[in-house]
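Scroll down for the structure; my scribbles are underneath it.
The values are calculated or read from the model by the stated rules, or taken from the named source; none is laboratory data. Since we're looking at a predicted model, the values are computed, not measured. Neighbour counts run over all protein chains shown; Cβ positions are idealised from the backbone, glycine included. For the accessible areas, the whole protein counts, side chains as well, though only heavy atoms, and no ligand, DNA or RNA atoms are used. Shrake-Rupley method; radii C 1.70, N 1.55, O 1.52, S 1.80 Å.
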Amino acid sequence: ATLQNGINGVQDVNGLSVGPQIEQLLKETQPRLISFTIGANDAGWVDVIGTCYVGNCNTPEEKYKVGQNLQQMALNLSNTLNQIGAYYMDTPPTVVVTGYHQVFPKEVTGTCRDLTGIDADEISWGRQMQEDINARIKTVVGEYDFAEYVPVDFGGHELCTNDPWVQGLSDRQPYHPTEPGQDVFAKEIIKRLESIK
């Protein structure tokens, strides 16, 4: 899903047309909490990482493309939060927008099939891109008093570590969190909500 095709617009899921999630949300009784993790697909993150595996992703062209995608992602995220704020007016629910977990490790020791084809410079740029996505999300969310940005730290549990919280290439959802990783997301959201009570 992306903000344009999934949250704000129709999403094609295996040939099935799924209506905008924002429309489904606004049909329901007003919730006290809305949470979502969105933005990496808007930034073209998976496409760029795919390029890292088969070629060179750390190029001026790729960096420019990601920069353009990040600008559009920020506009789309603002649009989503504007819709929520306008619909609920004076009593919007708390909206929690999480950051993304870091996929690539700081250091790679030995060989790891999940990183075959990606060199150290590409890994470093991939980590920086992830930070840029999170920084852009945090900036947008900070403009709305009913929204909270929640960072998620997978430090030491990225791909190719001893205890990864990230699914590998042969798993069902590569780069997505494992069950322990999802638990970290939940705990970070709860911790932030408790801090603003």
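Tell me, please, whether a residue that is modelled with pLDDT of 90 or more, within 18 Å of the chain's Cα centre (by Cα) and over 26 Å from Phe185 (Cα atoms) can be found in region 68-76.
yes
Those residues that are within 19 Å of the chain's Cα centre (by Cα) and among the acidic types (Asp, Glu), I need them from region 28-61; list them, please.
Asp42, Asp47 - these are the residues of region 28-61 that are within 19 Å of the chain's Cα centre (by Cα) and among the acidic types (Asp, Glu).
Given the conditions (1) in contact with a strand residue (DSSP E or B) (Cβ under 9 Å, 6 or more places away or on another chain); (2) polar (S, T, N, Q); (3) closer than 30 Å to Cys160 by Cβ; (4) open to solvent by less than 30 Å² (accessible area, probe 1.4 Å), which single one is not true for Thr80?
With respect to (1) in contact with a strand residue (DSSP E or B) (Cβ under 9 Å, 6 or more places away or on another chain); (2) polar (S, T, N, Q); (3) closer than 30 Å to Cys160 by Cβ; (4) open to solvent by less than 30 Å² (accessible area, probe 1.4 Å), Thr80 is out only on (3).
Where residues in region 143-157 are assigned to a loop (DSSP other than H, G, I, E, B) and aromatic (Phe, Trp, Tyr), which of them is surrounded by the fewest Cβ atoms within 10 Å (Cβ to Cβ)?
Phe146
Name, by its number, the condition in (1) among the hydrophobic types (A, V, I, L, M, F, W, C); (2) surrounded by 19 or more Cβ atoms within 10 Å (Cβ to Cβ); (3) more than 18 Å from the chain's Cα centre (by Cα) that does not hold for Val103.
Here Val103 clears every test but (3).
Based on this model, can you work out whether Asn79 counts as more than 25 Å from Gly117 (Cβ to Cβ) and more than 14 Å from the chain's Cα centre (by Cα)?
When the stated conditions are applied, Asn79 passes them.
Kindly evaluate Tyr88 against the criterion of being under 20 Å from Pro164 (Cβ atoms), of a type in the set (Phe, Trp, Tyr) and open to solvent by 10 Å² or more (accessible area, probe 1.4 Å).
no
Every residue, every condition in (1) open to solvent by less than 40 Å² (accessible area, probe 1.4 Å); (2) among the β-branched types (Val, Ile, Thr), yes or no:
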site	(1), (2)
Gly99	yes, no
Thr109	no, yes
Gly117	no, no
Ile137	yes, yes
Val140	yes, yes
Leu159	yes, no
Glu179	no, no
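Which one of Asp132, Asp171, Asp121 is modelled with pLDDT under 95, within 14 Å of the chain's Cα centre (by Cα) and open to solvent by 30 Å² or more (accessible area, probe 1.4 Å)?
The unique qualifying residue is Asp132.
Can you find a residue that is over 18 Å from Gln130 (Cα atoms) and surrounded by fewer than 20 Cβ atoms within 10 Å (Cβ to Cβ) anywhere in region 37-47?
For region 37-47, residues over 18 Å from Gln130 (Cα atoms) and surrounded by fewer than 20 Cβ atoms within 10 Å (Cβ to Cβ): absent.
Which condition does Val140 not pass, out of (1) over 21 Å from Leu193 (Cβ atoms); (2) touching a residue at least 40 places away in the same chain (Cβ under 8 Å); (3) in a helix (DSSP H, G or I), if it passes all the others?
Against the list (1) over 21 Å from Leu193 (Cβ atoms); (2) touching a residue at least 40 places away in the same chain (Cβ under 8 Å); (3) in a helix (DSSP H, G or I), Val140 comes up short only on (1).
Starting from residues that are more than 22 Å from the chain's Cα centre (by Cα) and of a type in the set (Gly, Ala, Ser), keep the ones in region 8-27 and report whichever is surrounded by the most Cβ atoms within 10 Å (Cβ to Cβ).
Residue satisfying both the conditions and the ranking: Ser17.
With the checklist (1) assigned to a loop (DSSP other than H, G, I, E, B); (2) of a type outside the set (Gly, Ala, Ser); (3) open to solvent by 30 Å² or more (accessible area, probe 1.4 Å) in hand, flag the one item Lys191 doesn't pass.
Evaluating Lys191 over (1) assigned to a loop (DSSP other than H, G, I, E, B); (2) of a type outside the set (Gly, Ala, Ser); (3) open to solvent by 30 Å² or more (accessible area, probe 1.4 Å) leaves (1) as the failure.
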